Every structure is written in C-alpha cells, then in structure tokens.
Amino acid sequence: MANKRKTKRLSTRAVTRRVRQNIRSIPASTLEITTSNPSTSSKRSSLPSQQKITKRTKLDITSTSANSNSNLPMDGYTILQNQLLFTLMCKTNCESCGNRWNGTINIKKREGLFVILSFQCSSCTNTITIETSPKVVASDRRDINVRSQIGGHLCGIRYAGLAKLMGAMNLPSPIQDERYSKWDKNLLLSIKSFSDRSMKKAVGEAVTAANGKELMVSGDGFWQTRGFQSRHGAAALLSCNTAPKVLDIETCSKTCNVCFGALAIKNSNPAKYNDIIRSHHCEKNYNNSSGTIEAHAVLNMFQRSVSKYQIYYTKYVGDGDSKTFAALSDKPPYPGKVIKKIEDLNHFSKRMKHQLETKKRQYGKEQLSDG
C-alpha cells in the first residue's frame, strides 16, 4: 500500500474537527470598566452544536423560544466585549435603589472560560452576580469548559492550541493544564461510550441498506507519525453506503506510557514498580513491525464482527495494500465464507500513475524500438 504519510479521512465526517482555545487575558481578581459609546450588534442565526460540526451550510433558525420570535438559541453562547456589557448595564436601573446603574464589574470567580461576574451599584453598593455558563448535569464541571476541551480535540490542537486561540481572541485562558489532563481521562470514557453507540447505529443503517447481514466495507489505517516507524497506529472499517460511516476501529500501541515511566523507579523502589505494573491497564498490545499494523487491526475487526454486531464483512474495498488482504486470506475470519476484494479506483489510478512516471524517467530520453 502506498505509504500513508498523514492521517486519513478516517475520523471521517463524524469524528473529525477539533477546536482549541486559550489565553492569559482576564486579570485574576478585578476588572473595572468605564463607559463608552454603545454599539449596535446584529443578530446571527446559530446552529445546534452537532449541526455546526457536521454541516458546512448554515441553517436558518426562525425561533428558538416558545415565548418569542427570537432566533438566538438559549443554550448557545455569544462573545460579548466587556466594555459593551458595561455600557448595557449603564442603561439599566438598580433593582435596589432604583437609580440609573453606574458602578463596577468585578470577577468574583474564574475557572477556565467560566467566570462569575459581580455588578456593584455605586449609589447603594447593592451587588448582583451572574454565572456565564451552567453546570453539566450530574457534574461540577462547567458546560463551556467541557465544550472547549472537546473542541480542542476535534480540531487537533489540544491544550497548547486552545491557549493560543484564547490569547488571540482576548478571552480567559482555559482550565489549568494539570486539571485539563485529568479531565481528559473522564472525557475519554464518555467519548468511547458515544462512539460505541454511534458505530452500532451505523451498523444498523448499513444492514438496512444492504438488506442483509453480509456487508461491503472499506478499510484504511493511519499512524501517529509519518512512515512506518510510528509506535502507535490504528485502522477503521467504514460502510460503503451513500454516506459512509465508521463501523469499527482498532488501535495498536507498541509502547505503554505507564510502563515506560515506571522504569525510572525500577531499581530504586522495586516494590512500588511491581505494584504499578500489576495494577495499571497496559496500553501495549502490539509487538510486530509498524508497517503491519493496518493488516493486523483490520483482521481483528473482521474476526470480531460476528460476536460484536452479528454481521459478516464479505466484500472488502482495499487501497492497494497487499498485506491487508493477504492477512484476511491466510486467516479466514469466517469459515465457509470467501471474502471478495474490490480495488479502490483512486488508489489504483495513483499506483498506475506512479508506474507510468517511473517508466517515463527510465525511458524518457531513449528512442523506443517501435519508433
């Protein structure tokens, strides 16, 4: 198979897009703002999160509130400059003294992108507070922080990228790096649960479209780094419907970060080292060459298709990698069933072009025997 130098479209259409954010913008304690001329803002229609990620075109939202004709989603967010917020407050009356409000805005608490703002009236010192994001159900985490973390992964920029994005937009910095890493572990469990449900639903759609449990699938692999020296790789199987969806995914790791880190205390504290090795879930699950990761992963997914989904992959759209189909032929996953290989036109054309260019370089300056 042609050398896969970059991660391919696997995370296709559904699992791709990652949005990152960060800055050191708002001072830790107090923010005092003075008045300025108000400016008008236009309403923009906004899409639900899933549609914003998966759709390219904007949809018109006529109304998002049962009690008004507003097209502003009540569960969405709007970036508002602090100066404009102060200007808006100065056009209201204090709920306590009734005078026109003219006071100070302070940050009472900040946790990543979430802040609690306090508005204190200068006339009567009455103070009101507002939280800029709700809590996630059954959690102490704030919705805006969870969304920014998921977005960072969808865009592939992670914490460092989030920090740069937030800094460029003059927004509060994300949650601290240590807490970000801790929350990543909890987030991974939720993502895995969601991806399992999503793939199971995709299998159901593929079975309905094929009108049977024998499916045609396409497969591809990718690596963490370029070439075939990467220590981590993965492969995925996609349905061949009009709108292809991921049916299964398999990851292969040649190293384990916990095992590698524990080596530092192996000689100085062997008891603790042995305890760590016994108690942790080792990520290492592959020992062969990196170049065979795709074939190994695809074979594993074929072998578990019956136990996992009660289906058979009987047609495989390959990308020209002879190792993958050879593995399926050497170790047939379904006794009595033959897997048919279907050549992918794009990869076939690419290999044909490569061969023609090779011949051109070899014989370009020579006159052929047939003139």
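Since every read-out is calculated from the coordinates, none of them should be taken as a lab result. The structure displayed is predicted, hence computed values, not measured ones. Here the Cβ positions follow ideal geometry from the backbone for every residue, glycine too, while neighbour counts run over all protein chains shown.
At a glance:
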{"read-out": "Difference of contour (0.36 nm per residue) and Cα-Cα distance, LYS337 to MET74", "value": "89.3 nm"}
{"read-out": "Length added when fully stretched, LYS266-TRP183, from 0.36 nm per residue minus Cα-Cα", "value": "27.0 nm"}
{"read-out": "Residue among PHE302, ASN285, VAL217 farthest towards the positive dipole end of segment 202-357, charges placed on Cβ", "value": "ASN285"}
{"read-out": "Fewest-first sequence of HIS280, HIS354, HIS153 by Cβ atoms within 10 Å of each Cβ", "value": "HIS354, HIS280, HIS153"}
{"read-out": "Likely footprinting exposure, LYS365, LYS200, fewest C-beta neighbours within 10 Å first", "value": "LYS365, LYS200"}
{"read-out": "Footprinting exposure proxy for ARG278, ARG158 (fewest neighbouring C-beta atoms within 10 Å first)", "value": "ARG278, ARG158"}
{"read-out": "For ILE342, distant residues with modelled amide H under 5 Å away", "value": "TYR316, VAL317, GLY318"}
{"read-out": "Segment 202-357 - charge dipole about Cα centre, Lys and Arg +1 at Cβ, Asp and Glu -1, debye rounded to 20", "value": "340"}
{"read-out": "Alpha-carbon radius of gyration plus Dmax, which is the widest Cα pair, for segment 325-371 in Å", "value": "18.6, 54"}
{"read-out": "5 angstrom amide H check on ASP248, placed H, neighbours 5+ away", "value": "LEU237"}
{"read-out": "Kirkwood-Stokes translational diffusion coefficient of segment 237-371, alpha-carbon pairs, 20 °C, 1.002 mPa s, µm²/s", "value": "112"}
